[in-house]
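*Asks:* Before I ask anything, here is the structure I am working with.
The values are calculated or read from the model by the stated rules, or taken from the named source; none is laboratory data. Remember, it's a predicted structure, so these values are computed and weren't measured experimentally. Counting neighbours? That spans all protein chains shown, and the Cβs are built from the backbone with ideal geometry, glycine included. Calculation scope for accessible area: heavy atoms of the full protein, side chains included, ligands and nucleic acids excluded. Shrake-Rupley method; radii C 1.70, N 1.55, O 1.52, S 1.80 Å.
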Amino acid sequence: MSTHKYMDRICAAATVFCLLLTVITISGHALGPQSAGKTIGYENRLFDTSRVHSIEIVMGDWDSFIETCESEEYSECNVVIDGESYKNVGIRAKGNTSLSSVAAMGSSRYSFKIEFDKYDSTKSYHGLDKLSLNNLIQDNTMLKDYLTYQLMNAFGVQSSLSSFAYIRVNGQDWGLYLAVEGVEEAFLQRNYGGGYGQLYKPDSMDFGGGRGNGQGFDMSGFENPFDGQEEKAASGQDGRQQPPDMPASDDMPASDDMPASNDMPASDDMPASNDMPASNDMPTGDGGVSGFDPSEMFGGAGFGSSSDVKLQYIDDDPDSYSNIFSSAKTNVSDADKARLIESLKSLSKYENLENVLDIEAVLRYFVVHNFVVNGDSYTGSMIHNYYLYEEDGRLSMIPWDYNLAFGTFSGGGSGGAAGTATGAINDAIDDVLSDRPMQAWIFSDESYTQQYHELFAQFLNTAEIDQIIDQAYGLIAEYVQKDPTKFCTYEEFEVGVQTLRTFCALRQESIEGQLAGDIPSTSEQQKGQQDALVNGDSVNLSDMGTMNSAGMGPGGREDRTSSAIQNGEALDQSESSQGEPSGQAEGGAPPFGEQMGGGGFSPPGGDFESAGEQAPKSTQQSAVILLILSAAALLVGLLVAYKYKN
């Protein structure tokens, strides 16, 4: 009797429970704490790495846009991504040295940034707000950026998604680019969830750090600080010791006081090589510099102070960290600034590290970063190309821009005379960058160093480098061959890919030896044990494309930009549908004519589907699935209750 007496209450409770489960399942985002990261919708669309994607840009006056690219100002255009049309989005050129380099070459193949919500905050590409299209400059392999992002993501580092895309402009082939997820709102949502923290892109003043900072920099006036440092690289050192202080520009002798060429000492009177400064006092040529500071080289002009971009604690005044806070990517309050400064203070003292660092995240970042030997970075001479993420006082690093990785930040040549390849291949994994606390803390305690080494061993055992290279090569080879604006020949691309494979194999061999103790893991140790280093004579870094050999520099090959577009012969918007685009590879997107229903590309003002209407589709589909599952759970609960009641 007692069972029947309370059965109605039990059934009612079961019904309420199932209803609550349904609400929580559908609205968990609003009712409960979020897990770190969430699926947005674009991840498996544009960033599906199993094919080369198609992107068509339609703009009324493309030539005028190209002429003003160095200003990095947004213009309005329409884009079609794998057959999906997006009307009235923003586009601008992007880059620092690459922006100036393209202009100096007389090329039009700029990198671009597409901002879907520039003119309408409701627009996105399946939730993606910003998209970078990298022009693959200084990269004959076409793979350096892509490979690094793949390795970072596979190893659990919060980093951008990327894939290859073949771009056409107004119906004409433009070239093969790397599509990269912008580190902005959508990235933060995907990796950290809705309650994400603060994002910064520290960079020296007047050089990098965001829009507009590339326009005042002239590559023709920049003398590479690493040129001619073959002896340094030949010794296998990475130059991470602080270089001697350079005299200020006004202390240098005037040109009239310089000795005439015939007054210079004869070569026999020059000091012997063993009387030259030790190699660890010279800037490196392999991209492993940390001690060299360009702001000091130029007397502080143009680059500004670098202490804050090194993530050093300076004082408690937020104005002392202008290179960080002026480059904030999220809205930053005074409390946010004070919290970050306090974290930097603890970091610089190596105190309270468990609370001011995401220990494992930072270690994983540096494992992959150090493997790929990128001198154009936080650990290099320019001290840039990274994002700083802070949440509740805990800091971590987000990678960015690796087209000059794998020892190609400067120089070239093979081992032996030039020596840069051997130096890069054996880049020491245990050098302490004392002026970079975000790296130096790893060696402040043996337990952190051991964890770093264990993660490095794990990375070497799990990284599928050859597989990534082979798959990507198989996808892009035909697109590289037909690319009308590429910075190298197809033959140079073939050689570059093979060189990249060889470099990675030798780099892995060197690091395995460093972890095992068979190869010195610091520059100072390597200086006295050069015979133990992995020989890099078979590698010519220039084959992969370097800072000094972009393939199409001043005085190099002529601009191969599509003449039909560059010379004012681009199809106008009404005629663009007549151009028959090249077909995609098997498994790729169909030609644009087929994508748009066989009628060719639709011009602006045509039947575009609103991007704002497209974005929620995946979310709606997920909600429907959850609703069905929740309804099923409710039905089961009611049936069980009914059974027991009867």
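*Asks:* Measuring from centroid to centroid over Cα atoms, what is the spacing of the range 65-84 and the range 103-151 in Å?
*Replies:* 11 Å
*Asks:* Still on this structure, please answer the following. Ordering Lys130, Lys118 from largest to smallest accessible area (1.4 angstrom probe), what's the sequence?
*Replies:* From most exposed to least exposed: Lys118, Lys130.
*Asks:* Can you tell me which of 525-533, 491-499 comes out highest on packing, and rank the rest after it, using the mean Cβ neighbours within 10 Å? Numbers along the way, then the final one.
*Replies:* Details: 525-533: 14.8, 491-499: 19.7.
Answer by packing, highest mean first, reads 491-499, 525-533.
*Asks:* At 7 Å along Cα-to-Cβ for each site, give me the label-to-label distance between Ser326 and Glu76 in nm.
*Replies:* That separation, rounded to one decimal, is 3.2 nm.
*Asks:* Considering only Cα-Cα distances, which of the following residue pairs are longer than 23 Å: Lys144/Lys310; Lys113/Lys201; Lys123/Lys486; Lys123/Lys337; Lys130/Lys482?
*Replies:* Numbers: Lys144/Lys310 25 Å; Lys113/Lys201 16 Å; Lys123/Lys486 31 Å; Lys123/Lys337 31 Å; Lys130/Lys482 28 Å.
Exceeds cut-off: Lys144/Lys310; Lys123/Lys486; Lys123/Lys337; Lys130/Lys482.
*Asks:* Using a 1.4 Å probe over the heavy atoms of the protein chains, calculate the carbon and sulfur portion of the accessible area of the range 38-103 as a whole percent.
*Replies:* Within the range 38-103, the accessible surface is 37 percent carbon and sulfur.
*Asks:* For Leu357, enumerate residues with amide H under 5 Å from its amide H, sequence gap 5+ or separate chain, H modeled in the peptide plane.
*Replies:* Leu395
*Asks:* Apply 1/(1 + (r/R0)^6) to the Cβ-Cβ distance of Lys349 and Leu638, taking R0 = 51 Å, and write down the FRET efficiency to the nearest 0.05.
*Replies:* Taking R0 as 51 Å, the efficiency between Lys349 and Leu638 is 0.25.
*Asks:* What does the accessible area per residue of the range 316-441 come to in Å², with a 1.4 Å probe and no ligands, DNA or RNA counted? Don't skip to the answer; put the middle values down first.
*Replies:* Details: 3410 Å² over 126 residues.
Solvent-accessible surface per residue comes out at 27 Å².
*Asks:* Using a 1.4 Å probe, what is the accessible area per residue for the range 105-206, in Å²?
*Replies:* 19 Å²
*Asks:* Taking H as built 1.01 Å from N, whose amide H comes closer than 5 Å to the amide H of Asn140, not counting residues under 5 places away?
*Replies:* Residues meeting the criterion, in which the H sits 1.01 Å from N, are Gly545.
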